[in-house]
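What follows is a set of notes on a single structure, which appears directly below.
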Amino acid sequence: MIEPYTLLTPDAQTRIPLIFDSPHSGLFFPNDIQRLVSDDELKTGWDAYIEDLWSHIVAEGGTLLHANFSRMFIDPNRSACDIDPELLQSPMDNMHPTQYSARGMGLIRRFVLPRKPMYQDKLSIDDVQSRICLFHAPYHRALLQQLTSFKQTFGASWHVDCHSMKSVGNKMNIDAGSKRPDIILGNNLDRTAGIEFTEVIRDSFEKLGYRVVLNDPYKGGYLVTHYGNLANNQHSIQIEINRALYMNEKRFEKNDNYEAFRQDLAQVGQTIADYVRHQVTAARASL
């Protein structure tokens, strides 16, 4: 059994209340789980290399959390109650399936790709509960511990939820068939992250020549809406990156632009960290 996540932290002297998390970076899918899909099909939901692309943030004083398990096994960016009843042998207590489950993309996938089922047989309640206990819950505890520590020490927190997206949406996506921009930022229509923080990120990408869209069609998933709380000075924003910018989508390999794009993200990360440092300094000066 693997560790459910990897947590990279900065030196205590440079630490700022900023965490980047990548819930879909992992590939681990237990061999003893019977599935109908190939390894390559599982990789279609993999946010390939995202934890590496954003790894510079640790040198800037930020924290980096990323999952080691596949989102196709269980998805940290879904509520633990977002369970598709079509998957189960018998109903579970406290199931609240959302539109994600309706598309086969809930807490546990029903489809790996459009009309391509994950499993031949229905899952037991014990199987689902085990996945939650061993993988989903530890990931959320790790993230919550960091955010709580930030709030206690600095009075605020900034959370960047990191993803990649196919260059064109498929039939399971809400933008099926649409070509996607370079970057989509999601702050749930300004409800989970401050407008100034959002604009800092948007401007930093645009200055590097990237096309950025806000909240269309992705407004931020469960992690952003669950942990963002502006009334409590807790900012949470989602960044979706077009995979064509840095990888061959069919072969799941880095492309020739990978290192240049990684350096661009290092600049974006530095700008975000500088903003957070400024906010911390200003708040302390006002005391």
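The values are calculated or read from the model by the stated rules, or taken from the named source; none is laboratory data. Owing to the predicted nature of the structure, the values given are computational and were not obtained by experimental measurement. Cβ atoms come from the backbone with ideal geometry, glycine included; neighbour counts cover every protein chain shown. The protein model used for the area step is the full one, side chains on, heavy atoms only, and it has no ligands, DNA or RNA in it. Shrake-Rupley method; radii C 1.70, N 1.55, O 1.52, S 1.80 Å.
Axis angle, to the nearest 10 degrees, between helix 137-154 and the longest C-alpha principal axis of the chain: 10 degrees. When Rg and the Kirkwood radius Rh are both evaluated on Cα atoms of the stretch 117-227, their ratio Rg/Rh stands at 1.05.
Here the Gaussian network model covers the chain, with springs between Cα atoms less than 10 Å apart; of LEU265, LEU87, LEU208, LEU208 fluctuates the most. Of all the accessible heavy-atom surface of the chain, with the other protein chains kept in place and a 1.4 Å probe, what percent is carbon and sulfur? Roughly 48 percent of what the probe reaches on the chain is carbon or sulfur.
Given Cβ point charges of +1 (Lys, Arg) and -1 (Asp, Glu) and nothing else, what value in debye, to the nearest 20, does the dipole of the stretch 93-135 about its Cα centre take? Before the final figure, lay out each step's value.
Working: 7 positive and 4 negative charges, 74 e Å.
Value, rounded to 20: 360 debye.
Dipole size in debye (nearest 20) for the chain around its Cα centre, Lys and Arg Cβ +1, Asp and Glu Cβ -1?
Working: 30 positive and 35 negative charges, 84 e Å.
Its charge dipole is roughly 400 debye.
Could you tell me the center-to-center distance, by alpha carbons, between the stretch 248-287 and the stretch 120-169 in angstrom? Spelled out, the Cα-based centre of one part sits 21 Å from the other.
Farthest toward the positive end of the dipole of the stretch 186-287, out of THR198, GLN267, LEU230, is the Cα of LEU230, where the dipole comes from beta carbon charges about the Cα centre. Close lysine pairs were tallied over the chain: pairs 8 or more places apart or on different chains with Cα atoms under 12 Å apart number 5. On a per residue basis, the convex hull of the C-alpha atoms belonging to the stretch 15-109 measures out at 126 Å³.
Accessible area per residue for the stretch 1-152, computed on protein heavy atoms with a 1.4 Å probe, is 44 Å².
Which of the peptides 57-63, 21-27, 121-127 is most tightly packed, and how do the rest follow, going by the mean number of other Cβ atoms within 10 Å of each residue?
Working: 57-63: 21.0, 21-27: 25.3, 121-127: 12.9.
Output ranking for 57-63, 21-27, 121-127: 21-27, 57-63, 121-127.
The listed peptides 225-235, 90-100, ordered by packing as a protection proxy, come out as 225-235, 90-100 (highest mean of other Cβ atoms within 10 Å first).
Let me check I've understood the local charge: for ASP264, count other residues with C-beta under 12 angstrom from its C-beta, Lys and Arg +1, Asp and Glu -1. What total comes out? Write out the running numbers ahead of the final one.
Numbers: positive: LYS207, ARG262; negative: ASP182, GLU206, GLU259.
My count for the surroundings of ASP264 gives -1.
Using only Cα atoms, what is the ratio of the radius of gyration of the stretch 235-287 to 2.2 N^0.38 Å? Please list the in-between numbers first.
Numbers: Rg = 16.3 Å, N = 53, 2.2 N^0.38 = 9.9 Å.
In units of the globular-protein estimate, the stretch 235-287 measures up at 1.64.
Taking Cα atoms only, the orientation of helix 195-206 departs from the longest principal axis of the chain by about 80 degrees. Think of a 1.4 Å ball rolled over the protein heavy atoms: the stretch 244-287 then has 60 Å² of accessible area per residue. By the Cα gyration tensor, the chain has an equivalent ellipsoid whose semi-axes, rounded to whole angstrom, run 31, 22, 17 from largest to smallest.
Each eigenvalue of the Cα gyration tensor of the stretch 107-152, multiplied by 5 and square-rooted, gives one semi-axis; in descending order these are 31, 14, 5 Å.
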